[in-house]
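A.B. asks: So that we are looking at the same thing, I have put the structure below in C-alpha coordinates.
The values are calculated or read from the model by the stated rules, or taken from the named source; none is laboratory data. All figures in this text were calculated on a predicted structure; none of them were measured in a lab. Using ideal geometry, Cβ is built from the backbone for each residue, glycine included, and neighbour counts are taken over all protein chains shown. All accessible areas refer to the heavy atoms of the entire protein, side chains included, with ligands and DNA or RNA removed. Shrake-Rupley method; radii C 1.70, N 1.55, O 1.52, S 1.80 Å.
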Amino acid sequence: MAGESLTLIGFWGSPFALRVKWALELKGIRYQYVEEDLSNKSAMLLQYNPVYKKVPVLVHDGKPLAESLVILEYIDETWEQNPLLSHDPYEKAKARFWSRFVDEKCVPAVMATFSKGGEEQQKAAQEARENLKTLEGGIEGKRYFGGENIGFADIAIGWLGYWVRIVEEIVGINLIDKELMAKLDAWIDDFLELPVIKECMPPRDKLLNHNKAFHKLLTSSST
Amino acid sequence: MAASQEEVTLLGVTGSAFVCRVQIALKLKGVEYKYVEENLGNKSDLLLKYNPVYKKVPVFVHNEKPIPESLVIVEYIDETWKHNPILPSDPYQRALARFWSKFIDDRVVGAAWKAVYTVDEEEREKNVEESFEALQFLENELKDKKFFGGEEFGLVDIAAVYIAFWIPIFQEIGGLELFTSENFPKLYKWSQEFVNHPVVKESLPPRDPVFAFLKRRYESLSASK
(Lines give C-alpha, C1' and ligand atoms only; values in the text may rest on other atoms or scores of the structure.)
Protein backbone atom coordinates (compact mmCIF):
# COMPACT_ATOMS: atom_id res chain seq x y z
CA MET A 1 0.00 0.00 0.00
CA ALA A 2 2.14 2.88 -1.30
CA GLY A 3 1.88 6.35 0.17
CA GLU A 4 0.59 5.18 3.54
CA SER A 5 2.13 6.55 6.66
CA LEU A 6 2.15 4.40 9.76
CA THR A 7 3.73 5.42 13.04
CA LEU A 8 3.89 3.65 16.36
CA ILE A 9 4.59 5.84 19.36
CA GLY A 10 5.92 3.66 22.15
CA PHE A 11 8.29 3.19 25.03
CA TRP A 12 10.95 0.46 24.91
CA GLY A 13 9.92 -0.96 28.30
CA SER A 14 6.17 -0.89 27.70
CA PRO A 15 4.57 -4.31 27.31
CA PHE A 16 1.53 -2.67 25.73
CA ALA A 17 3.64 -1.10 22.97
CA LEU A 18 5.32 -4.49 22.57
CA ARG A 19 1.96 -6.10 21.78
CA VAL A 20 1.50 -3.70 18.90
CA LYS A 21 5.07 -4.20 17.65
CA TRP A 22 4.54 -7.95 17.60
CA ALA A 23 1.34 -7.61 15.60
CA LEU A 24 2.97 -5.31 13.04
CA GLU A 25 6.04 -7.53 12.70
CA LEU A 26 3.98 -10.72 12.38
CA LYS A 27 2.05 -9.18 9.51
CA GLY A 28 5.19 -7.79 7.90
CA ILE A 29 3.87 -4.25 8.03
CA ARG A 30 6.33 -1.39 7.65
CA TYR A 31 6.07 1.42 10.16
CA GLN A 32 7.99 4.22 11.74
CA TYR A 33 8.73 3.84 15.44
CA VAL A 34 8.93 6.85 17.74
CA GLU A 35 10.37 6.40 21.22
CA GLU A 36 8.55 8.48 23.80
CA ASP A 37 10.17 9.85 26.95
CA LEU A 38 7.44 9.14 29.48
CA SER A 39 8.92 11.51 32.04
CA ASN A 40 8.59 14.33 29.53
CA LYS A 41 5.67 13.56 27.25
CA SER A 42 5.79 15.04 23.79
CA ALA A 43 3.23 17.43 22.38
CA MET A 44 2.59 14.81 19.71
CA LEU A 45 1.59 12.18 22.28
CA LEU A 46 -0.69 14.59 24.10
CA GLN A 47 -2.28 15.59 20.83
CA TYR A 48 -2.82 12.01 19.66
CA ASN A 49 -3.93 10.57 22.99
CA PRO A 50 -5.53 13.38 24.96
CA VAL A 51 -7.74 10.99 26.91
CA TYR A 52 -5.10 8.74 28.50
CA LYS A 53 -1.80 10.45 27.50
CA LYS A 54 -0.16 7.02 27.27
CA VAL A 55 1.67 4.79 24.86
CA PRO A 56 1.18 2.93 22.61
CA VAL A 57 -0.46 5.17 20.03
CA LEU A 58 -0.75 4.07 16.42
CA VAL A 59 -1.12 6.78 13.80
CA HIS A 60 -2.25 5.58 10.38
CA ASP A 61 -2.47 8.23 7.67
CA GLY A 62 -2.86 10.88 10.35
CA LYS A 63 -5.57 9.00 12.24
CA PRO A 64 -4.55 8.20 15.82
CA LEU A 65 -5.60 5.22 17.91
CA ALA A 66 -4.89 4.45 21.55
CA GLU A 67 -5.40 1.40 23.80
CA SER A 68 -3.31 -1.58 22.76
CA LEU A 69 -6.11 -4.14 22.42
CA VAL A 70 -8.15 -1.72 20.30
CA ILE A 71 -5.06 -1.13 18.16
CA LEU A 72 -4.49 -4.88 17.74
CA GLU A 73 -8.01 -5.38 16.40
CA TYR A 74 -7.58 -2.43 14.05
CA ILE A 75 -4.33 -3.87 12.70
CA ASP A 76 -5.94 -7.26 12.21
CA GLU A 77 -8.90 -5.78 10.32
CA THR A 78 -6.82 -3.44 8.17
CA TRP A 79 -4.04 -5.83 7.16
CA GLU A 80 -5.57 -9.23 6.60
CA GLN A 81 -2.44 -11.34 6.08
CA ASN A 82 -1.47 -13.67 8.96
CA PRO A 83 -4.76 -13.13 10.77
CA LEU A 84 -4.60 -12.80 14.54
CA LEU A 85 -8.25 -13.41 15.29
CA SER A 86 -10.14 -16.46 14.10
CA HIS A 87 -13.08 -16.01 11.73
CA ASP A 88 -15.27 -17.89 14.17
CA PRO A 89 -17.20 -15.49 16.45
CA TYR A 90 -16.95 -17.80 19.46
CA GLU A 91 -13.19 -18.19 19.13
CA LYS A 92 -12.95 -14.41 18.77
CA ALA A 93 -15.01 -13.94 21.94
CA LYS A 94 -12.70 -16.28 23.85
CA ALA A 95 -9.59 -14.47 22.63
CA ARG A 96 -11.06 -11.11 23.64
CA PHE A 97 -12.16 -12.50 26.99
CA TRP A 98 -8.72 -13.82 27.96
CA SER A 99 -6.94 -10.68 26.77
CA ARG A 100 -9.20 -8.55 28.94
CA PHE A 101 -8.86 -10.97 31.86
CA VAL A 102 -5.11 -10.44 31.82
CA ASP A 103 -5.42 -6.65 31.78
CA GLU A 104 -8.19 -6.48 34.35
CA LYS A 105 -7.15 -9.21 36.78
CA CYS A 106 -3.61 -10.52 36.30
CA VAL A 107 -1.85 -7.21 35.74
CA PRO A 108 -3.21 -5.43 38.84
CA ALA A 109 -2.48 -8.44 41.07
CA VAL A 110 1.08 -8.79 39.76
CA MET A 111 1.55 -5.04 40.00
CA ALA A 112 0.40 -5.10 43.63
CA THR A 113 2.82 -7.95 44.37
CA PHE A 114 5.52 -5.81 42.85
CA SER A 115 4.74 -2.56 44.61
CA LYS A 116 3.39 -3.51 48.05
CA GLY A 117 4.97 -5.04 51.12
CA GLY A 118 4.12 -7.31 54.02
CA GLU A 119 0.61 -8.70 54.38
CA GLU A 120 -0.73 -6.78 51.40
CA GLN A 121 1.97 -8.19 49.16
CA GLN A 122 1.33 -11.78 50.28
CA LYS A 123 -2.36 -11.38 49.60
CA ALA A 124 -1.71 -9.87 46.18
CA ALA A 125 0.70 -12.68 45.33
CA GLN A 126 -1.90 -15.28 46.25
CA GLU A 127 -4.45 -13.55 44.06
CA ALA A 128 -1.93 -13.31 41.22
CA ARG A 129 -1.21 -17.03 41.46
CA GLU A 130 -4.93 -17.84 41.35
CA ASN A 131 -5.45 -15.59 38.35
CA LEU A 132 -2.50 -17.12 36.52
CA LYS A 133 -3.85 -20.59 37.18
CA THR A 134 -7.21 -19.49 35.80
CA LEU A 135 -5.47 -18.04 32.75
CA GLU A 136 -3.83 -21.40 32.12
CA GLY A 137 -7.32 -22.82 31.60
CA GLY A 138 -7.71 -20.56 28.58
CA ILE A 139 -5.02 -22.47 26.70
CA GLU A 140 -7.41 -25.43 26.70
CA GLY A 141 -4.62 -27.96 26.28
CA LYS A 142 -3.56 -26.51 22.94
CA ARG A 143 -0.07 -25.43 22.06
CA TYR A 144 -0.99 -21.75 22.06
CA PHE A 145 -4.13 -19.77 22.89
CA GLY A 146 -4.56 -19.48 19.12
CA GLY A 147 -4.24 -23.23 18.54
CA GLU A 148 -1.36 -24.66 16.52
CA ASN A 149 -0.21 -21.14 15.68
CA ILE A 150 -0.15 -18.00 17.79
CA GLY A 151 -3.09 -15.66 17.60
CA PHE A 152 -4.60 -12.57 19.12
CA ALA A 153 -4.62 -13.78 22.72
CA ASP A 154 -1.02 -15.01 22.54
CA ILE A 155 0.13 -11.58 21.31
CA ALA A 156 -1.97 -9.83 23.94
CA ILE A 157 -0.86 -12.06 26.80
CA GLY A 158 2.60 -13.33 25.86
CA TRP A 159 4.60 -10.52 27.48
CA LEU A 160 3.05 -11.39 30.86
CA GLY A 161 5.26 -14.43 31.30
CA TYR A 162 8.39 -12.41 30.59
CA TRP A 163 7.38 -9.64 32.94
CA VAL A 164 6.15 -11.90 35.75
CA ARG A 165 9.49 -13.73 35.81
CA ILE A 166 11.26 -10.39 36.24
CA VAL A 167 8.89 -9.42 39.05
CA GLU A 168 9.53 -12.81 40.72
CA GLU A 169 13.26 -12.17 40.61
CA ILE A 170 13.01 -8.67 42.03
CA VAL A 171 10.59 -9.35 44.91
CA GLY A 172 11.66 -12.93 45.57
CA ILE A 173 8.15 -14.35 45.44
CA ASN A 174 7.12 -17.23 43.17
CA LEU A 175 4.06 -16.52 41.05
CA ILE A 176 4.22 -19.05 38.22
CA ASP A 177 4.51 -22.43 39.89
CA LYS A 178 6.34 -24.71 37.47
CA GLU A 179 4.55 -27.78 38.73
CA LEU A 180 1.06 -26.47 39.35
CA MET A 181 1.12 -24.32 36.23
CA ALA A 182 3.20 -26.52 33.97
CA LYS A 183 1.07 -25.81 30.92
CA LEU A 184 1.27 -22.04 31.39
CA ASP A 185 5.01 -22.24 31.99
CA ALA A 186 5.50 -24.31 28.82
CA TRP A 187 3.39 -21.91 26.78
CA ILE A 188 5.46 -18.94 28.00
CA ASP A 189 8.71 -20.66 27.00
CA ASP A 190 7.31 -21.69 23.62
CA PHE A 191 5.97 -18.26 22.86
CA LEU A 192 9.06 -16.32 23.90
CA GLU A 193 11.28 -18.56 21.76
CA LEU A 194 9.50 -17.70 18.52
CA PRO A 195 11.92 -15.69 16.36
CA VAL A 196 9.60 -12.76 15.57
CA ILE A 197 8.63 -12.51 19.23
CA LYS A 198 12.17 -12.76 20.50
CA GLU A 199 13.50 -10.15 18.09
CA CYS A 200 11.15 -7.42 19.32
CA MET A 201 11.78 -7.95 23.01
CA PRO A 202 13.90 -5.50 24.94
CA PRO A 203 17.12 -7.05 26.33
CA ARG A 204 16.43 -8.82 29.63
CA ASP A 205 19.16 -7.03 31.59
CA LYS A 206 17.93 -3.63 30.51
CA LEU A 207 14.35 -4.51 31.48
CA LEU A 208 15.45 -6.04 34.77
CA ASN A 209 17.44 -2.96 35.75
CA HIS A 210 14.69 -0.66 34.66
CA ASN A 211 12.16 -2.55 36.79
CA LYS A 212 14.57 -2.73 39.72
CA ALA A 213 14.81 1.06 39.68
CA PHE A 214 11.03 1.33 39.33
CA HIS A 215 10.61 -1.04 42.26
CA LYS A 216 12.91 1.05 44.41
CA LEU A 217 10.90 4.15 43.57
CA LEU A 218 7.57 2.49 44.37
CA THR A 219 8.63 0.93 47.63
CA SER A 220 10.63 3.85 49.01
CA SER A 221 7.76 6.29 48.48
CA SER A 222 5.43 4.10 50.50
CA THR A 223 7.42 4.38 53.75
CA MET B 1 -29.43 -17.30 10.03
CA ALA B 2 -30.94 -20.67 10.99
CA ALA B 3 -32.99 -19.44 13.91
CA SER B 4 -34.99 -22.61 14.40
CA GLN B 5 -32.32 -24.85 15.92
CA GLU B 6 -30.60 -22.09 17.89
CA GLU B 7 -30.51 -22.22 21.65
CA VAL B 8 -29.97 -18.78 23.06
CA THR B 9 -29.96 -18.10 26.79
CA LEU B 10 -29.13 -15.01 28.81
CA LEU B 11 -28.38 -15.23 32.51
CA GLY B 12 -28.97 -11.90 34.18
CA VAL B 13 -30.44 -9.85 36.97
CA THR B 14 -33.09 -7.18 36.54
CA GLY B 15 -31.54 -3.81 37.20
CA SER B 16 -28.07 -4.59 35.88
CA ALA B 17 -26.85 -2.12 33.27
CA PHE B 18 -24.49 -4.74 31.89
CA VAL B 19 -27.27 -7.25 31.36
CA CYS B 20 -29.32 -4.46 29.78
CA ARG B 21 -26.59 -3.87 27.20
CA VAL B 22 -26.97 -7.43 26.00
CA GLN B 23 -30.75 -7.22 26.01
CA ILE B 24 -30.64 -4.12 23.81
CA ALA B 25 -28.37 -5.90 21.35
CA LEU B 26 -30.63 -8.96 21.22
CA LYS B 27 -33.74 -6.82 20.80
CA LEU B 28 -32.11 -4.85 17.99
CA LYS B 29 -31.31 -8.08 16.18
CA GLY B 30 -34.69 -9.60 16.88
CA VAL B 31 -33.10 -12.66 18.44
CA GLU B 32 -35.38 -14.78 20.59
CA TYR B 33 -33.83 -16.04 23.76
CA LYS B 34 -34.54 -17.62 27.10
CA TYR B 35 -33.92 -15.31 30.03
CA VAL B 36 -32.82 -16.73 33.37
CA GLU B 37 -33.03 -14.44 36.38
CA GLU B 38 -30.16 -15.11 38.73
CA ASN B 39 -30.08 -14.56 42.47
CA LEU B 40 -26.65 -13.11 43.12
CA GLY B 41 -26.92 -13.86 46.81
CA ASN B 42 -27.34 -17.53 45.94
CA LYS B 43 -25.68 -18.16 42.60
CA SER B 44 -27.01 -21.01 40.56
CA ASP B 45 -24.95 -24.00 39.44
CA LEU B 46 -25.67 -22.88 35.92
CA LEU B 47 -24.02 -19.50 36.47
CA LEU B 48 -21.01 -21.05 38.19
CA LYS B 49 -20.65 -23.53 35.35
CA TYR B 50 -20.97 -20.94 32.61
CA ASN B 51 -18.88 -18.20 34.20
CA PRO B 52 -16.39 -19.89 36.51
CA VAL B 53 -13.88 -17.07 36.13
CA TYR B 54 -15.98 -14.10 37.27
CA LYS B 55 -19.20 -15.76 38.55
CA LYS B 56 -21.11 -12.70 37.37
CA VAL B 57 -23.92 -11.74 35.05
CA PRO B 58 -24.51 -11.27 32.20
CA VAL B 59 -23.59 -14.64 30.72
CA PHE B 60 -24.74 -15.35 27.20
CA VAL B 61 -25.04 -18.95 26.07
CA HIS B 62 -25.42 -19.81 22.40
CA ASN B 63 -25.78 -23.49 21.54
CA GLU B 64 -24.10 -24.46 24.81
CA LYS B 65 -21.18 -22.04 24.27
CA PRO B 66 -20.98 -19.57 27.17
CA ILE B 67 -19.67 -16.00 26.90
CA PRO B 68 -19.32 -13.56 29.82
CA GLU B 69 -18.46 -9.83 29.81
CA SER B 70 -21.11 -7.56 28.33
CA LEU B 71 -19.05 -5.88 25.60
CA VAL B 72 -17.53 -9.18 24.48
CA ILE B 73 -21.07 -10.57 24.29
CA VAL B 74 -22.38 -7.60 22.29
CA GLU B 75 -19.58 -7.98 19.71
CA TYR B 76 -20.31 -11.70 19.48
CA ILE B 77 -23.99 -10.99 18.87
CA ASP B 78 -23.08 -8.47 16.18
CA GLU B 79 -20.83 -10.97 14.42
CA THR B 80 -23.30 -13.83 14.63
CA TRP B 81 -26.48 -12.03 13.57
CA LYS B 82 -25.36 -9.64 10.90
CA HIS B 83 -28.44 -7.51 10.15
CA ASN B 84 -28.94 -4.17 11.97
CA PRO B 85 -25.22 -3.81 12.59
CA ILE B 86 -23.99 -2.55 15.93
CA LEU B 87 -20.44 -1.81 14.81
CA PRO B 88 -19.65 0.18 11.65
CA SER B 89 -17.88 -1.52 8.75
CA ASP B 90 -14.88 0.82 8.51
CA PRO B 91 -11.94 -0.46 10.64
CA TYR B 92 -11.04 2.97 11.99
CA GLN B 93 -14.63 3.72 13.01
CA ARG B 94 -14.83 0.27 14.59
CA ALA B 95 -11.67 1.01 16.55
CA LEU B 96 -13.09 4.31 17.79
CA ALA B 97 -16.30 2.55 18.85
CA ARG B 98 -14.26 0.00 20.82
CA PHE B 99 -12.11 2.74 22.33
CA TRP B 100 -15.06 4.77 23.62
CA SER B 101 -16.94 1.72 24.90
CA LYS B 102 -13.87 0.70 26.85
CA PHE B 103 -13.51 4.28 28.07
CA ILE B 104 -17.02 4.12 29.51
CA ASP B 105 -16.14 0.95 31.41
CA ASP B 106 -12.75 2.25 32.56
CA ARG B 107 -13.54 5.85 33.39
CA VAL B 108 -17.28 6.33 33.86
CA VAL B 109 -18.84 3.25 35.41
CA GLY B 110 -16.71 3.02 38.56
CA ALA B 111 -16.35 6.74 39.13
CA ALA B 112 -20.05 7.50 38.73
CA TRP B 113 -21.00 4.77 41.20
CA LYS B 114 -18.44 5.96 43.72
CA ALA B 115 -19.55 9.58 43.22
CA VAL B 116 -22.61 8.55 45.21
CA TYR B 117 -21.82 5.28 46.96
CA THR B 118 -18.75 6.34 48.92
CA VAL B 119 -18.76 7.12 52.60
CA ASP B 120 -15.52 9.10 52.77
CA GLU B 121 -16.35 12.65 51.64
CA GLU B 122 -12.95 13.42 50.11
CA GLU B 123 -12.95 10.15 48.19
CA ARG B 124 -16.48 10.81 47.00
CA GLU B 125 -15.61 14.30 45.77
CA LYS B 126 -12.65 12.91 43.86
CA ASN B 127 -14.97 10.52 42.06
CA VAL B 128 -17.41 13.31 41.27
CA GLU B 129 -14.58 15.21 39.61
CA GLU B 130 -13.42 12.15 37.69
CA SER B 131 -16.95 11.45 36.51
CA PHE B 132 -17.30 15.02 35.38
CA GLU B 133 -14.06 14.88 33.42
CA ALA B 134 -15.01 11.59 31.80
CA LEU B 135 -18.47 12.79 30.80
CA GLN B 136 -16.86 15.87 29.28
CA PHE B 137 -14.79 13.68 26.98
CA LEU B 138 -17.96 11.94 25.85
CA GLU B 139 -19.79 15.24 25.36
CA ASN B 140 -16.96 16.33 23.07
CA GLU B 141 -16.93 13.03 21.23
CA LEU B 142 -20.67 13.04 20.57
CA LYS B 143 -20.55 16.45 18.86
CA ASP B 144 -23.79 17.00 16.94
CA LYS B 145 -24.55 13.41 16.14
CA LYS B 146 -27.90 11.94 17.06
CA PHE B 147 -26.21 8.88 18.51
CA PHE B 148 -22.56 7.98 19.02
CA GLY B 149 -23.17 5.50 16.21
CA GLY B 150 -24.52 8.22 13.90
CA GLU B 151 -28.10 8.13 12.67
CA GLU B 152 -28.62 4.79 14.38
CA PHE B 153 -27.28 3.71 17.74
CA GLY B 154 -24.21 1.49 17.95
CA LEU B 155 -21.76 -0.08 20.38
CA VAL B 156 -20.89 3.10 22.27
CA ASP B 157 -24.55 4.02 22.74
CA ILE B 158 -25.26 0.54 24.06
CA ALA B 159 -22.30 0.75 26.45
CA ALA B 160 -23.51 4.19 27.53
CA VAL B 161 -26.95 2.97 28.63
CA TYR B 162 -25.35 3.15 32.06
CA ILE B 163 -25.12 6.91 31.65
CA ALA B 164 -28.58 7.35 30.16
CA PHE B 165 -30.58 5.31 32.65
CA TRP B 166 -28.52 4.46 35.71
CA ILE B 167 -26.59 7.65 36.44
CA PRO B 168 -29.79 9.74 36.67
CA ILE B 169 -31.05 7.25 39.27
CA PHE B 170 -27.84 7.44 41.35
CA GLN B 171 -27.80 11.18 41.32
CA GLU B 172 -31.40 11.45 42.39
CA ILE B 173 -30.67 9.13 45.29
CA GLY B 174 -27.46 10.89 46.27
CA GLY B 175 -28.65 14.43 45.64
CA LEU B 176 -25.92 14.92 43.08
CA GLU B 177 -26.09 17.36 40.18
CA LEU B 178 -23.66 15.66 37.83
CA PHE B 179 -25.33 14.60 34.61
CA THR B 180 -27.60 17.53 33.79
CA SER B 181 -28.63 19.33 30.62
CA GLU B 182 -26.71 22.37 31.83
CA ASN B 183 -23.46 20.54 32.39
CA PHE B 184 -23.70 18.31 29.33
CA PRO B 185 -26.29 19.60 26.87
CA LYS B 186 -25.41 17.27 23.98
CA LEU B 187 -24.98 14.17 26.11
CA TYR B 188 -28.20 14.90 27.96
CA LYS B 189 -30.13 15.32 24.73
CA TRP B 190 -28.59 12.06 23.49
CA SER B 191 -29.72 10.27 26.66
CA GLN B 192 -33.33 11.34 26.13
CA GLU B 193 -33.19 10.24 22.51
CA PHE B 194 -31.63 6.92 23.48
CA VAL B 195 -33.93 5.89 26.34
CA ASN B 196 -36.95 6.71 24.17
CA HIS B 197 -35.78 4.70 21.18
CA PRO B 198 -38.32 1.86 20.83
CA VAL B 199 -35.70 -0.90 20.97
CA VAL B 200 -34.04 0.56 24.06
CA LYS B 201 -37.31 1.44 25.79
CA GLU B 202 -38.45 -2.17 25.56
CA SER B 203 -35.14 -3.41 26.96
CA LEU B 204 -34.83 -1.12 29.98
CA PRO B 205 -35.92 -2.47 33.37
CA PRO B 206 -38.84 -0.74 35.14
CA ARG B 207 -37.43 2.32 36.90
CA ASP B 208 -39.22 2.14 40.28
CA PRO B 209 -37.92 -1.23 41.50
CA VAL B 210 -34.38 -0.35 40.36
CA PHE B 211 -34.63 3.00 42.14
CA ALA B 212 -35.95 1.36 45.31
CA PHE B 213 -33.17 -1.24 45.32
CA LEU B 214 -30.42 1.32 44.77
CA LYS B 215 -31.91 3.63 47.36
CA ARG B 216 -31.86 0.83 49.95
CA ARG B 217 -28.21 0.25 49.19
CA TYR B 218 -27.49 3.93 49.64
CA GLU B 219 -29.28 4.04 52.95
CA SER B 220 -27.47 1.00 54.31
CA LEU B 221 -24.18 2.59 53.29
CA SER B 222 -24.94 5.86 55.09
CA ALA B 223 -26.12 3.89 58.11
CA SER B 224 -22.74 2.20 58.32
CA LYS B 225 -20.97 5.56 58.76
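A.B. asks: Suppose the filter is free of Cβ contacts under 8 Å to residues at least 24 places away in the same chain and touching a strand residue (DSSP E or B) at 6+ places or on another chain (Cβ under 6 Å); does A:LEU58 pass it?
C.D. replies: no
A.B. asks: I would also like to ask the following. Could you tell me whether B:GLU125 is open to solvent by less than 40 Å² (accessible area, probe 1.4 Å), among the acidic types (Asp, Glu), farther than 22 Å from A:HIS87 by Cβ and away from chain A (no Cβ under 14 Å)?
C.D. replies: Criteria not met by B:GLU125.
A.B. asks: When you look at A:ILE139, is it open to solvent by less than 10 Å² (accessible area, probe 1.4 Å) and in contact with a helix residue (DSSP H, G or I) (Cβ under 8 Å, 6 or more places away or on another chain), yes or no?
C.D. replies: It is true that A:ILE139 is open to solvent by less than 10 Å² (accessible area, probe 1.4 Å) and in contact with a helix residue (DSSP H, G or I) (Cβ under 8 Å, 6 or more places away or on another chain).
A.B. asks: A further question follows. It is to be established whether one or more residues within the range B:40-59 are buried (at least 20 other Cβ atoms within 10 Å of the Cβ), aliphatic (A, V, I, L, M) and touching a helix residue (DSSP H, G or I) at 6+ places or on another chain (Cβ under 7 Å).
C.D. replies: yes
A.B. asks: Sticking with this one: Within the range A:71-83, can you find the residues that are facing another protein chain (nearest Cβ under 8 Å) and surrounded by 20 or more Cβ atoms within 10 Å (Cβ to Cβ)?
C.D. replies: A:ILE71, A:GLU73, A:TYR74
A.B. asks: Does B:LEU138 satisfy the criteria of being touching a Leu at 6+ places or on another chain (Cβ under 7 Å) and open to solvent by less than 20 Å² (accessible area, probe 1.4 Å)?
C.D. replies: Here the answer is yes, as B:LEU138 does meet what is asked.
A.B. asks: Still on this structure: Would you point out which residue out of B:PRO85, B:PRO52, B:PRO91, B:PRO58 is of a type outside the set (Gly, Ala, Ser) and out of contact with any Asp or Glu (no Cβ under 9 Å at 6 or more places or on another chain)?
C.D. replies: The unique qualifying residue is B:PRO52.
A.B. asks: With A:SER14, A:SER99, A:SER5, A:SER86 as the choices, which residue is touching a residue at least 24 places away in the same chain (Cβ under 8 Å), at the interface with chain B (Cβ under 10 Å from one of its Cβ atoms) and hydroxyl-bearing (Ser, Thr, Tyr)?
C.D. replies: A:SER99 is the lone residue from the list that is touching a residue at least 24 places away in the same chain (Cβ under 8 Å), at the interface with chain B (Cβ under 10 Å from one of its Cβ atoms) and hydroxyl-bearing (Ser, Thr, Tyr).
A.B. asks: Also: For the range A:160-178, indicate whether the set of residues that are modelled with pLDDT under 95 and within 24 Å of A:ALA93 (Cβ to Cβ) is non-empty.
C.D. replies: yes
A.B. asks: So, one more: Limited to the range A:113-169, what total is found for residues that are closer than 19 Å to A:LEU85 by Cα and in contact with a Cys (Cβ under 7 Å, 6 or more places away or on another chain)?
C.D. replies: Residues in the range A:113-169 being closer than 19 Å to A:LEU85 by Cα and in contact with a Cys (Cβ under 7 Å, 6 or more places away or on another chain): 1 in total.
A.B. asks: Just one of the numbered conditions (1) out of contact with any helix residue (DSSP H, G or I) (no Cβ under 6 Å at 6 or more places or on another chain); (2) touching a residue at least 24 places away in the same chain (Cβ under 8 Å); (3) of a type in the set (Asp, Glu) is not true of A:GLU148; which one?
C.D. replies: So the condition that A:GLU148 fails would be (2).
A.B. asks: Any idea which of A:LYS105, A:LYS116, A:LYS133 is open to solvent by 50 Å² or more (accessible area, probe 1.4 Å), farther than 24 Å from B:LYS102 by Cβ and within 14 Å of another protein chain (Cβ to nearest Cβ)?
C.D. replies: That would be A:LYS133, the only listed residue that is open to solvent by 50 Å² or more (accessible area, probe 1.4 Å), farther than 24 Å from B:LYS102 by Cβ and within 14 Å of another protein chain (Cβ to nearest Cβ).
A.B. asks: Shifting gears a bit: Can you tell me which residue in the range B:72-114 is surrounded by the fewest Cβ atoms within 10 Å (Cβ to Cβ), limited to those that are part of a helix (DSSP H, G or I) and of a type in the set (Gly, Ala, Ser)?
C.D. replies: Ranking the candidates gives B:GLY110 first.
A.B. asks: Also, I was wondering about something else. Among residues belonging to the range A:10-63 that are among the basic types (Lys, Arg) and closer than 29 Å to A:PRO195 by Cα, point out the one that is surrounded by the fewest Cβ atoms within 10 Å (Cβ to Cβ).
C.D. replies: Out of the qualifying residues, it is A:ARG30.
A.B. asks: Here is a further query. Would you check if A:VAL51 is in a helix (DSSP H, G or I), within 14 Å of chain B (Cβ to nearest Cβ) and in contact with a helix residue (DSSP H, G or I) (Cβ under 7 Å, 6 or more places away or on another chain)?
C.D. replies: So A:VAL51 fails the test.
A.B. asks: Out of (1) within 9 Å of chain B (Cβ to nearest Cβ); (2) touching a Gly at 6+ places or on another chain (Cβ under 9 Å), the odd one out for A:LYS63 is which?
C.D. replies: Every condition holds for A:LYS63 apart from (2).
A.B. asks: Then there is this: Give just the number: which of (1) part of a helix (DSSP H, G or I); (2) under 21 Å from B:PHE99 (Cβ atoms); (3) acidic (Asp, Glu); (4) open to solvent by 40 Å² or more (accessible area, probe 1.4 Å) does B:GLU172 not satisfy?
C.D. replies: Unmet condition: (2).
A.B. asks: Something else: List, please: which pairs have Cβ atoms under 8 Å, are six or more places apart or on different chains, and start with a residue in the range B:52-65 that is within 8 Å of another protein chain (Cβ to nearest Cβ) and end with one that is open to solvent by 70 Å² or more (accessible area, probe 1.4 Å)?
C.D. replies: Correct list of pairs: B:HIS62/B:GLU7.
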